[in-house]
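Each remark here refers to the structure printed beneath this line.
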Amino acid sequence: MAQTKGEKPYPRTARVNQILREVISEAVVRIGDFDDRVGMLTVTEVEVTEDLRQAIVFMDSLSEEASAALEEHRAQIQGIVNAKTRLKRTPKLTFRIDPSVRTGEAVEDIIRRLRDDRA
């Protein structure tokens, strides 16, 4: 399918998701420098709603302690997002553990067990 002049190669929300992932990742690293509860968290993905009012930030792991810390720093992170992006609105951030990480770990465990059974 040929791309017409002015047509974007992917939807706006996909571009916003990528920008938010980068900005939020940097913010989490900065917060981790002074709040040990955040530690070594990694932002794996961001999913923003089409109206850009809400965004789910998926993390590689998220203990209760880290979740509480992120919630405490949510306004600060949203402020950083606001300062570094040109969005009309700053989406309200919600932090969750990435289910694909757990799925990947389960698949790796199955593969490991199959290898052990063959050996």
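Readers should treat all values here as calculations from the given coordinates under stated rules, not as data from a laboratory. Only a predicted model underlies this, so the values are computations on that prediction, with no experimental measurement involved. Because the Cβ atoms are built from the backbone with ideal geometry, glycine has one as well, and the counts that use them run over all protein chains shown.
Between Ala75 and Asp35, the simple label model (points 7 Å from Cα in the Cβ direction) yields a spacing of 1.2 nm. Here's the picture: a label point sits 7 Å out from the Cα of Val107 along the beta-carbon direction, and within the stretch 39-73 the residues with their amide nitrogen under 17 Å of it are 44-45, 60. Pop the C-beta distance of Lys92 and Leu114 into the FRET formula with R0 = 30 Å and round what comes out to the nearest 0.05. Calculated value: 0.10. With contacts taken as Cα pairs under 8 Å and at least 6 residues apart, the chain reaches a relative contact order of 24 percent. The GluC sites (Glu not before Pro) of the stretch 11-119 that DSSP puts in a loop, and whose beta carbon has at most 13 other beta carbons within 10 Å, are Glu50. With springs only between Cα atoms under 10 Å, which of Gly104, Gly39, Gly79 fluctuates most in a Gaussian network model of the chain? Of Gly104, Gly39, Gly79, the most mobile in the Gaussian network model is Gly104.
Here the chain carries DSSP beta bridges of which approximately 45% are antiparallel, counting only pairs with both residues inside.
Here the chain is assigned +1 on the Cβ of each Lys and Arg and -1 on the Cβ of each Asp and Glu. Its dipole about the Cα centre then comes out at about 800 debye. Model label sites at Leu52 and Lys84, defined 7 Å from Cα along the beta-carbon direction, differ in position by 1.7 nm.
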